1. Could you list the residues of the stretch 39-54 with an amide nitrogen less than 18 Å from a label point located 7 Å from the Cα of Val26 in the Cα-to-C-beta direction?
2. Give me the accessible area of Arg68, 1.4 Å probe, in Å² rounded to the nearest 10.
3. Heavy-atom accessible area of Phe152 with all protein chains present, probe 1.4 Å, nearest 10 Å²?
4. Could you give the length gained by full extension between Thr158 and Trp66, i.e. 0.36 nm per residue of separation minus their alpha carbon distance, to one decimal place?
Amino acid sequence: LSFFLCASVVVGRTVTIHNDRPRLDVDGNVVDAHDGKIVHHNGTYFLYGEAYGNQTLATPYPWKQWPRLNVYTSPDLISWRLRGDPLPMVTGTLWIPNVIYHEPTQRFIMWFGNGAWSTATSADGIHFTPANMHFSSRVDPPHGSTDGTGIFVDDDGTGYVAFASMPPDFDEP
């Protein structure tokens, strides 16, 4: 059995994060947020991730439920409170949320997959509205597919989006 330990100093105390047991939210449920991002803003940590129905163990593909998104908040990286689906009005499968806080507009910006790649914005980091921008980076077979987004904002405010392109049959039968 192997497991991962990570220690971080948060507000003057050490927080140990490990994967040898499920992390629970403040209501005692398994934190259901995978392949996501943690954003810190104004003393609150926001955890965004794919939601598969509170599964406690890794489930091989094909999944019983296609993912949606969940957002959790925490004051200390220990006590996580489920805030729900940040995009309930968007239908279908949602995955790989990546979020930044954009200081000039004082808005959270989310980049997420939903058959292509889409964006949404939020004033509170919990309730998002789809943005008018829509990006498609899907590469259809026989050329492969894309996965794994990353957002970076340079010191001059320029934003960049990075993603990886996988060859056909790279991770699928």
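The values are calculated or read from the model by the stated rules, or taken from the named source; none is laboratory data. Computed from a predicted model, the values in this text were never measured in an experiment. A quick note on method: Cβ atoms are made from the backbone with ideal geometry, for glycine too, and the neighbour counts reach across all protein chains shown. Please note that ligands, DNA and RNA were not included when accessible areas were found on the heavy atoms of the full protein model with its side chains. Shrake-Rupley method; radii C 1.70, N 1.55, O 1.52, S 1.80 Å.
1. Under 18 Å, as judged by backbone N against the label point of Val26, lie 39-48 of the stretch 39-54.
2. Answer for Arg68: close to 60 Å² accessible.
3. The value for Phe152 is about 120 Å².
4. Details: separation 92, 0.36 × 92 = 33.12 nm, distance 3.34 nm.
Stretched fully, the Thr158-Trp66 segment lengthens by 29.8 nm.
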